[in-house]
Amino acid sequence: MLLELAGIDKQVGADTWLYPLNLTLQESAVTILLGATRAGKTSLMRIMAGLDTPTTGRVLVDGQDVTGVPVRRRNIAMVYQQFINYPSMTVADNIASPLRLSGQRDVLPRVREIARTLHIEEFLDRLPAELSGGQQQRVALARALAKDAPLMLLDEPLVNLDYKLREDLREELGDMFSQGRSTVVYATTEPAEALLLGGYTAVLDRGELLQYGPTIDVFQRPNSMRVARAFSDPPMNFIEARADGAALHCQGMGPVPLSGSNLPSGAVTLGLRAADLSLQHQGGDCLISGQVQLAEISGSATYVHAQTPVGNLIAQVPGVSHHQLGDAITLHFSSRQAYVFGPDESLLRAPQMEARHGSY
């Protein structure tokens, strides 16, 4: 299915939920809607589904205007954060319901295949009320996958699951989506989820569409500081600087040489991802001295918050790293990893880097 949004916006009373935007989704591919809560992701998906209509603009499916066509007359599947299942049906019957509605008879093999993928095969004979919230969410997701609709809309479908299961399902869903049987729209607040699912990403912020393109391209070349903030977790570090030819000068640290660059002289902003700041000397790199404010251990990484002469910075350090409040540290980074943004916050320079799934 080719889905196009042409000049749509959404006004609710005096509030603007979506600013005018144009978006053509890649056919038979996954598009990630990435943004914080209240960025406009759900509002956009409701318009795509036909649950809501834009204030102005058109929704086109395969070139046909379907703006006023209700959801019941569209062949779509949708999963919300708040799962919806048929309470009187078993898990197996919930998953099988769209298959039977389409006239299929021997549906059990397909039901078992999807249930196995989502780790709910052992619950097929139970009613939804007998399951945990995360298990019920997987049933709703399984029913949507079983429908095999040409357009599938998934609004943060893994948000209610535990960390390990989320990690496993992200990879399995990515494999399923890569088969290209449906045009998939997947909303998330997590940059890691966008990187793992791949495909294309549309970055939203406070109702505005900021950038759309292949996920890894948007990650590596955010066109503005707003996109860089949205596509970084923890947030990208920003440092005030002045450009002078092929170098940046920041008060409180040495110059940052940018070989091959010829930036216009004047005020700019240096951007550094937390994963590109190290506590180890790397040779030929740039240094920032500081003091530890906080060290957060999270999974396989430690987030070190440091007070420095150039502002408060966050470093994402692999493994478990123990620090005391007030410890003196030195942050290292390579100038090759530096982003530079202009006075209008637009991107002037991006590092040349390999795709690094799991690093933000």
- Out of segment 204-223, which residues are out of contact with any strand residue (DSSP E or B) (no Cβ under 8 Å at 6 or more places or on another chain) and of a type outside the set (D, E, K, R)? 216, 220
- Query: Of the residues in segment 259-280, how many are buried (at least 22 other Cβ atoms within 10 Å of the Cβ), in a loop (DSSP other than H, G, I, E, B) and hydrophobic (A, V, I, L, M, F, W, C)?
  - Reply: 0
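Would you point out the residue of segment 103-151, among those that are more than 25 Å from the chain's Cα centre (by Cα) and of a type in the set (Lys, Arg), that is farthest from residue 25 (Cα to Cα)? First the steps, then the outcome.
Residues of segment 103-151 that are more than 25 Å from the chain's Cα centre (by Cα), as a first pass: 103-113, 115-116, 120-132.
Next cut, of a type in the set (Lys, Arg) only: 105, 110, 112, 116, 126.
Working: 105: 33, 110: 28, 112: 31, 116: 30, 126: 38 Å.
Across segment 103-151, the extreme among qualifying residues is 126.
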- Could you please give the count of residues in segment 68-96 that are free of Cβ contacts under 8 Å to residues at least 60 places away in the same chain and assigned to a loop (DSSP other than H, G, I, E, B)? 11
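In segment 281-306, which residue that is touching a residue at least 40 places away in the same chain (Cβ under 8 Å), in a strand (DSSP E or B) and of a type outside the set (S, T, N, Q) is nearest to residue 240 (Cα to Cα)?
Result: 288.
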- Note on the structure: Picking from 101, 33, 51, 23, the residue that is aliphatic (A, V, I, L, M), farther than 23 Å from residue 138 by Cα and in the same structural domain as residue 202 (by TED's automatic domain parsing) would be 23
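Looking only at residues that are among the charged types (D, E, K, R) and either in contact (Cβ under 8 Å) with a residue 60 or more places away in the chain or out of contact with any Lys or Arg (no Cβ under 8 Å at 6 or more places or on another chain) (or both) in segment 20-67, which one is surrounded by the fewest Cβ atoms within 10 Å (Cβ to Cβ)?
Kept after step one, since they are among the charged types (D, E, K, R), are these residues of segment 20-67: 27, 38, 41, 46, 52, 58, 62, 65.
Then drop every residue that is not either in contact (Cβ under 8 Å) with a residue 60 or more places away in the chain or out of contact with any Lys or Arg (no Cβ under 8 Å at 6 or more places or on another chain) (or both), which leaves 27, 38, 41, 46, 58, 62.
Working: 27: 13, 38: 13, 41: 23, 46: 19, 58: 14, 62: 11.
Among those that are among the charged types (D, E, K, R) and either in contact (Cβ under 8 Å) with a residue 60 or more places away in the chain or out of contact with any Lys or Arg (no Cβ under 8 Å at 6 or more places or on another chain) (or both), it is 62.
The values are calculated or read from the model by the stated rules, or taken from the named source; none is laboratory data. From a predicted model like this one, the values you see are computed outputs, not experimental measurements. Here Cβ is always computed from backbone atoms with ideal geometry, including for glycine, and neighbour counts include all displayed protein chains.
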